[in-house]
1. Of the residues GLY142, GLY75, which single one is of a type in the set (Gly, Ala, Ser) and within 21 Å of VAL34 (Cα to Cα)?
2. Only one of these conditions is not met by PRO134: (1) of a type outside the set (Lys, Arg); (2) out of contact with any Phe, Trp or Tyr (no Cβ under 7 Å at 6 or more places or on another chain); (3) more than 26 Å from TYR26 (Cβ to Cβ). Which number is it?
3. Which condition does THR120 not pass, out of (1) in contact with a Lys or Arg (Cβ under 8 Å, 6 or more places away or on another chain); (2) closer than 15 Å to GLY53 by Cα, if it passes all the others?
4. Hey, any hits in the stretch 94-113 for a residue that's surrounded by 17 or more Cβ atoms within 10 Å (Cβ to Cβ), touching a helix residue (DSSP H, G or I) at 6+ places or on another chain (Cβ under 7 Å), over 19 Å from LEU3 (Cβ atoms) and β-branched (Val, Ile, Thr)?
5. Considering each of GLY16, GLY53 in turn, give the residue that is outside any helix (DSSP H, G or I) and surrounded by 13 or more Cβ atoms within 10 Å (Cβ to Cβ).
6. On the given criteria, is ARG125 closer than 30 Å to GLU21 by Cβ and either basic (Lys, Arg) or touching a residue at least 12 places away in the same chain (Cβ under 8 Å) (or both)?
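Each value in this text was obtained by applying a stated rule to the coordinates, not by laboratory testing. What you see is a predicted model; the values in this text were computed from it and never measured. In this analysis, Cβ positions are derived from the backbone assuming ideal geometry, glycine residues included, and neighbour counts consider all displayed protein chains.
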Amino acid sequence: MSLLEWCRWLQDTPIGAGIRESAFTYPLLEGSHVMGLALSVGTVMWFDLRLLGLTMRRDSVSNVFDQVRPWMSVGFVIMFVTGALLFASRAVDAYESTYFRIKLGLLMLGVVNVVLFHTTVDRQRDEWDTATTPPARARLAGALSLVLWFGIIAAGRIMAYNL
């Protein structure tokens with residue numbers, strides 16, 4: 001089964017068709033997806049701004065991360081679940097969308113950025129945790145995160161208006 005055939009199957013399942021054909025479910029999911037995005041990415045941005053040394057300079061990076069992590073996690077769960085359901089309802093359209101592919105590519109780069117940050121510079125956080133300006137590699141990870149999330153959001157919004 002090709003990826004396109006799988007997308008056709010997925011959107012024709014009772015869940016995919018039900019979401020797509022409902023007058024209320026699709027808009028509710030889309031609104032929830034945007035709210036999950038605001039919750040998760042909004043808190044990620046606070047952490048990224050701290051990594052850049054632009055905000056909350058008196059708070060340790062660990063303290064900021066500990067404060068935003070629960071909200072970030074809840075937002076990502078909401079965003080992931082609602083995004084998967086939205087995809088299921090219009091899988092073929094998403095498959096054919098250049099903007100969807102850009103969004104997925106940027107999401108993958110974002111995952112790579114997070115993994116590299118947490119497996120390298122973040123392992124020495126105790127050495128720079130309270131510095132008003134973290135080391136260059138931490139600032140780079142924060143800047144890349146901001147740029148990638150801007151691109152992910154832009155590609156997602158453009159995709160939504162072009163399906």
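1. Result: GLY75 is the single residue among GLY142, GLY75 that is of a type in the set (Gly, Ala, Ser) and within 21 Å of VAL34 (Cα to Cα).
2. (2)
3. Just one mismatch for THR120, condition (2).
4. Checked the stretch 94-113: no residue is surrounded by 17 or more Cβ atoms within 10 Å (Cβ to Cβ), touching a helix residue (DSSP H, G or I) at 6+ places or on another chain (Cβ under 7 Å), over 19 Å from LEU3 (Cβ atoms) and β-branched (Val, Ile, Thr).
5. The match here is GLY53.
6. No, not satisfied.
Every residue, every condition in (1) over 16 Å from MET159 (Cα atoms); (2) among the basic types (Lys, Arg); (3) within 17 Å of the chain's Cα centre (by Cα), yes or no:
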| position | (1), (2), (3) |
| --- | --- |
| THR43 | yes, no, yes |
| ASP66 | yes, no, no |
| PHE80 | yes, no, yes |
| ALA91 | no, no, no |
| ILE102 | no, no, yes |
